[in-house]
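The values are calculated or read from the model by the stated rules, or taken from the named source; none is laboratory data. The shown structure was predicted, so the numbers you read here are calculated from the model rather than taken from an experiment. Positions of Cβ are generated from backbone atoms using ideal geometry, with glycine treated the same way; all protein chains shown enter the neighbour counts. Heads up: the accessible areas ignore ligands, DNA and RNA and are worked out on the full protein's heavy atoms, side chains in. Shrake-Rupley method; radii C 1.70, N 1.55, O 1.52, S 1.80 Å.
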Amino acid sequence: QASVTVEGTTFDDTSAVAGQNLVLNGAGLRKKLFFRVYTAGLYLPAKAQTAEAVLSQTGAVRVRLILMRNVSAKTFVDGLKDNTPEKELAAINAEVTRLIAVMDKIGDVKTGDAVDFSFDGKDTSVTLNGNLVGNGIGGRALFNAVLRIWIGADAIDDTLKAGLLGQR
């Protein structure tokens with residue numbers, strides 16, 4: 001597996017989280033109407049082509065976003081509630097609140113910025129351009145809720161979902 005280039009953004013074929021080597025599962029473009037918003041790459045311990053297979057993996061995971069326009073960081077968590085059952089959301093409410101606080105701390109992200117959502121096997125962290133913005137945000141249930149923004153049944157962008165799942 002070589003690196004993948006999407007809309008001029010190259011995603012390396014591997015990434016490391018907490019000393020765990022991950023492979024690029026897939027990458028794609030998030031579009032809203034006719035605007036290119038960001039490219040995204042999904043890194044996993046082992047390749048998976050379904051949301052269920054991704055969500056059932058143990059170990060580290062990373063989603064890297066490269067911005068193609070200026071947006072509010074808070075918009076990244078918009079799809080969270082659409083893809084998480086109410087009962088599950090209630091169970092991780094404090095973690096979701098911490099994640100939103102981290103995104104508020106980031107504020108606006110600019111074209112070219114890189115945002116990483118990483119899970120090291122027990123905790124979720126967020127970095128902006130390689131600088132840690134928040135860590136210890138939440139466990140696997142939170143990270144799976146974050147993943148479902150992009151690969152869930154009501155994913156924010158079906159073409160991006162297919163790309164991240166390596167289906168195209």
Handout entry: Any chance residue 133 is open to solvent by 10 Å² or more (accessible area, probe 1.4 Å), within 15 Å of residue 30 (Cα to Cα) and touching a residue at least 12 places away in the same chain (Cβ under 8 Å)
Key = no
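Every residue, every condition in (1) farther than 25 Å from residue 20 by Cβ; (2) surrounded by 13 or more Cβ atoms within 10 Å (Cβ to Cβ); (3) under 15 Å from the mean Cα position of the chain (by Cα), yes or no:
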position: 54; (1), (2), (3): no, yes, yes
position: 58; (1), (2), (3): no, no, no
position: 63; (1), (2), (3): no, yes, yes
position: 72; (1), (2), (3): yes, yes, no
Exercise for the section: Report yes if residue 92 is more than 26 Å from residue 11 (Cβ to Cβ) and either buried (at least 18 other Cβ atoms within 10 Å of the Cβ) or polar (S, T, N, Q) (or both), otherwise no. Expected result: yes
Completion exercise
Across (1) under 20 Å from residue 37 (Cα atoms); (2) open to solvent by 40 Å² or more (accessible area, probe 1.4 Å), residue 141 clears everything bar (1)
Handout entry: Unmet requirement for residue 29, which otherwise passes all of (1) open to solvent by 10 Å² or more (accessible area, probe 1.4 Å); (2) modelled with pLDDT under 95; (3) touching a helix residue (DSSP H, G or I) at 6+ places or on another chain (Cβ under 8 Å); (4) within 17 Å of residue 155 (Cβ to Cβ)
Key = (2)
